[in-house]
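Colleague: Mind looking over this structure? Questions follow.
The values are calculated or read from the model by the stated rules, or taken from the named source; none is laboratory data. Since the model is a prediction, treat every value here as computed from it, not as a measurement. For neighbour counting, all protein chains shown are included, and Cβ atoms are generated from backbone atoms with ideal geometry for every residue, glycine included.
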Amino acid sequence: MISHEKAGRGQTQTLIERWYREVWAEGREESIFEMMHPRAEILGIGTVPIFGPEEFLPFWKIVRENYSDLNIAIDDLLLEKDQGVALITTYATRVVGGQAVEMRGAVYFRFDNGLLVYGRNVLDYLAILGQSGVLDLDIHDALFPIQARGPESEDQT
């Protein structure tokens with residue numbers, strides 16, 4: 001059972017920064033197991049929740065195999081005791097084709113006794129798919145046209 005011992009904001013910030021540095025930028029697989037609770041619940045990286053490092057690992061490996069030069073910048077960080085929201089920008093290079101890609105998102109973290117127990121990812125996967133050439137974003141523009149707004153577009157009758 002998770003004990004819900006509260007961490008301070010400083011410790012939470014350190015844990016979030018360490019997660020992005022070690023797990024993603026440095027590619028340290030062992031850090032996933034060191035930092036994630038065995039029953040941590042992670043949402044937003046697939047169609048169903050995943051639980052613990054063993055279920056997170058296949059996602060991590062797919063990302064690491066398909067993208068190099070992975071760097072996640074923390075654009076803003078909102079902290080409250082043992083939880084935080086990181087507004088992030090991910091920069092990487094697609095291994096096949098060599099395209100530079102950039103994706104923005106927000107990730108909610110909750111920690112207990114220094115371990116990640118809950119994470120929720122809201123990421124712009126369309127941006128990565130479009131920049132990687134996997135998805136034709138021109139169809140998105142055709143389906144969802146942006147109409148001009150402002151004085152020049154108003155009906156002047």
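Colleague: Considering every residue within segment 88-99, establish whether at least one is over 19 Å from Arg18 (Cβ atoms), in contact with a Lys or Arg (Cβ under 9 Å, 6 or more places away or on another chain) and at pLDDT 95 or above.
Modeller: no
Colleague: Out of all the residues in segment 39-62, is one or more modelled with pLDDT under 95 and assigned to a strand (DSSP E or B)?
Modeller: no
Colleague: Write out, first by first residue and then by second, each pair whose Cβ atoms fall under 6 Å of each other, whose residues are 6+ apart or on separate chains, and whose first residue, in segment 53-82, is among the acidic types (Asp, Glu) while the second is at pLDDT below 95 and surrounded by fewer than 16 Cβ atoms within 10 Å (Cβ to Cβ).
Modeller: Cβ pairs passing all conditions: Asp69/Thr93; Asp82/Lys6.
Colleague: Could you please give the count of residues in segment 21-43 that are surrounded by fewer than 17 Cβ atoms within 10 Å (Cβ to Cβ) and closer than 23 Å to Asp124 by Cα?
Modeller: Within segment 21-43, residues that are surrounded by fewer than 17 Cβ atoms within 10 Å (Cβ to Cβ) and closer than 23 Å to Asp124 by Cα number 6.
Colleague: Still on this structure: In this structure, is Thr14 at pLDDT below 95 and over 15 Å from the mean Cα position of the chain (by Cα)?
Modeller: no
Colleague: Moving on. Examine segment 24-45 for a residue that is in contact with an Asp or Glu (Cβ under 6 Å, 6 or more places away or on another chain), without any contact (Cβ under 8 Å) to a residue 12 or more places away in the chain and more than 27 Å from Gly133 (Cα to Cα), and state whether such a residue exists.
Modeller: Looking through segment 24-45, at least one residue is in contact with an Asp or Glu (Cβ under 6 Å, 6 or more places away or on another chain), without any contact (Cβ under 8 Å) to a residue 12 or more places away in the chain and more than 27 Å from Gly133 (Cα to Cα).
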